[in-house]
Amino acid sequence: MVDERRMRKLAFASIASTVLEWFDFLVYSTAAALVFGPLFFPTLGGVQGTLASFATLAVGFVARPLGGVLAGHVGDRYGRKVPLVGSMLLMGVATFVVGLLPTYDTAGMWAPVLLVVARIVQGLGVGAQWGGAAMLLVEHAPVAKRGFYGSLVNTGTILGAVLGNGFFLVLTALVPADAFEAWGWRIPFLSGLLLVVVGIYVQLKIEESPVFTELRHASSAAAQRAGVRKAPVGQAIRLYWRQILQAIAAFFVVNGTFYIFISGILDYGTKTLGLDRTPMLLVVMLAGLTQVVTIPVFGALSDRLGRKRIYLTGAVAMAVAGFPMFWLIDTGSLLWLGVALVIGFTIHASMFGCQTAMYAEMFPADVRLSGASLGFQVASVLAGGLAPMITTALVAASGGSWAVSLYIIAMAVVTFAGVSTIRERFQRDLYAVSSERADGAA
């Protein structure tokens, strides 16, 4: 019998850690679109400065798989809490440091170098965080509500993004443009130390996953058969490489379109369509806020219908919406921009809502965090990290949005192809280990 009070406490801690972790990671996305170009790359200017700014954004994504590998190894051997707490400490400190960095006018080339270093540390932190939070929550959840509880981790990601945009919205509304570029942009980054406080709370108050606890307390012989003493990342890659590739493909259009919606469209709307920055931030924030409802709804729906059917429907819907969304955005109307983003975010939520449970059900207990983290974080580099930069480059090269629509369709095809090969493991036993090979590695 699952203790609902314990689940509520765990859900709150998981959401809070994810909100703050992704707030820290994603305020960088907003700052990259709005101010980092002129502040850290003033000698480039224009599109080149924006591309350089987005390139530093992408650097954080490149570091995420390494963070995922480290978290997977530690989490599968020593528990799900360890990488979660460690990731929050890394992210909190790195984000705080970004808020203190000198700009190019003060430090010259050292300014962008230090920015890149801080972004790499951020990438390590966020790469380690998702797997720990997601698997800790899913492995505690009752079978009939696994999709719903798993979706709450991803809901925390959205809340972090919305709060990041909201913070910048308030700042741009209250702080004059010159003051914002001089010091106002630093304020959201200085709040990064809040993650340290949450990390201490999680370490002291949250119980370890019951799935991992059972593995840890198994006999020595059973532990050896379960692979607990082997390198979990190597075990995951050797036995479950197909599932890792499937997980990468599944996240492709989800992650890519997310960063197009929250960062690429900000740049496109302000620089190509000539829309004001503050209203754009407000529209993106309000549209993204709808996912606080839609992600848990689709997560709960997957508990009834299974993960694969919903995921495939979402991939098809995103491909179909690729052109219509930008037709609405290209009207230059904030109202139609909002409608387009709500459509996009809702389709995105249909996949993101059931993704955590689907990932957990794809891998056995002793390599679950390693396999899920690798799939999630490698896709974040190939899709999300490059999406704003690719969007900017496509618009510059084509002179319009049609190339971005084709880009979305291509990512949707990758996701559909990958998910269609996944074997539905709806409501599988999460205690199974790799040595049992009950469902095979294919």
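The values are calculated or read from the model by the stated rules, or taken from the named source; none is laboratory data. None of the values given here were measured: they were computed from a predicted structure. When we count neighbours, we look across all protein chains shown, and the Cβ atoms used for this are built from the backbone with ideal geometry, even at glycine. Remember, those area values only see protein heavy atoms, side chains included, never the ligands or the DNA or RNA. Shrake-Rupley method; radii C 1.70, N 1.55, O 1.52, S 1.80 Å.
Scanning region 390-404 for residues that are part of a helix (DSSP H, G or I), within 18 Å of THR331 (Cβ to Cβ) and more than 25 Å from the chain's Cα centre (by Cα) yields one hit, TRP402. The C-beta contact set for region 170-192 (first residue in contact (Cβ under 8 Å) with a residue 24 or more places away in the chain, second residue part of a helix (DSSP H, G or I) and of a type in the set (Lys, Arg), distance under 7 angstrom, 6+ apart or interchain) comprises THR172/ARG277. Across region 333-370, which residue is farthest from ALA247 (Cα to Cα) among those that are polar (S, T, N, Q) and within 19 Å of the chain's Cα centre (by Cα)? Ranking the candidates gives THR346 first. Applying the condition of being more than 22 Å from TYR359 (Cα to Cα) and open to solvent by 20 Å² or more (accessible area, probe 1.4 Å) to region 143-171 and asking which residue is nearest to the chain's Cα centre (by Cα) yields LEU163.
Assessment of region 198-207 against the conditions (open to solvent by 60 Å² or more (accessible area, probe 1.4 Å), polar (S, T, N, Q) and at pLDDT below 80) yields at least one matching residue. Across region 76-89, a minimum of one residue is classified as surrounded by fewer than 24 Cβ atoms within 10 Å (Cβ to Cβ) and either under 16 Å from the mean Cα position of the chain (by Cα) or of a type in the set (Ser, Thr, Tyr) (or both). The number of residues in region 90-115 being in a helix (DSSP H, G or I) and open to solvent by 20 Å² or more (accessible area, probe 1.4 Å) comes to 11. Each residue in region 1-46 was checked for being of a type in the set (Asp, Glu) and at pLDDT 75 or above, and 2 of them qualify.
Meeting the requirement of 2 or more residues that are among the charged types (D, E, K, R), the helices (runs of 4 or more DSSP H) wholly within region 236-349 are 265-271, 291-305, 307-329.
Of the residues making up region 101-146, those that are touching a helix residue (DSSP H, G or I) at 6+ places or on another chain (Cβ under 8 Å), of a type in the set (Val, Ile, Thr) and under 30 Å from ARG425 (Cβ atoms) are VAL126, VAL138. Just one of the numbered conditions (1) over 27 Å from PHE180 (Cα atoms); (2) surrounded by fewer than 23 Cβ atoms within 10 Å (Cβ to Cβ); (3) of a type in the set (Gly, Ala, Ser) is not true of GLY338: (1).
Filtered by the rule that a residue be closer than 29 Å to LYS9 by Cβ, touching a Gly at 6+ places or on another chain (Cβ under 9 Å) and either open to solvent by 40 Å² or more (accessible area, probe 1.4 Å) or modelled with pLDDT under 70 (or both), region 213-239 gives a lone residue, ARG216. Of the conditions (1) of a type in the set (A, V, I, L, M, F, W, C); (2) buried (at least 20 other Cβ atoms within 10 Å of the Cβ); (3) at pLDDT below 95; (4) in contact with a Leu (Cβ under 9 Å, 6 or more places away or on another chain), ALA387 clears all except one; give me its number. In the conditions (1) of a type in the set (A, V, I, L, M, F, W, C); (2) buried (at least 20 other Cβ atoms within 10 Å of the Cβ); (3) at pLDDT below 95; (4) in contact with a Leu (Cβ under 9 Å, 6 or more places away or on another chain), ALA387 misses (4) alone. The residue pairs whose first member lies in region 327-353 and is over 20 Å from VAL419 (Cα atoms), whose second member is open to solvent by 30 Å² or more (accessible area, probe 1.4 Å) and not hydrophobic (A, V, I, L, M, F, W, C), and whose beta carbons are closer than 7 Å, counting only pairs six or more residues apart or on different chains, are LEU334/PRO279; VAL342/THR290.
From the list ALA410, ALA360, the one residue that fits, being without any contact (Cβ under 8 Å) to a residue 12 or more places away in the chain and either surrounded by fewer than 21 Cβ atoms within 10 Å (Cβ to Cβ) or within 30 Å of GLU214 (Cα to Cα) (or both), is ALA410. Residues in region 309-332 that are within 21 Å of the chain's Cα centre (by Cα), of a type outside the set (Gly, Ala, Ser) and crowded, with 20+ Cβ neighbours inside 10 Å: ILE310, TYR311, MET318. I want to confirm something. Restricting to region 265-284 and keeping residues that are among the β-branched types (Val, Ile, Thr) and open to solvent by less than 60 Å² (accessible area, probe 1.4 Å), which single residue is modelled with the lowest pLDDT? Selected residue: THR278.
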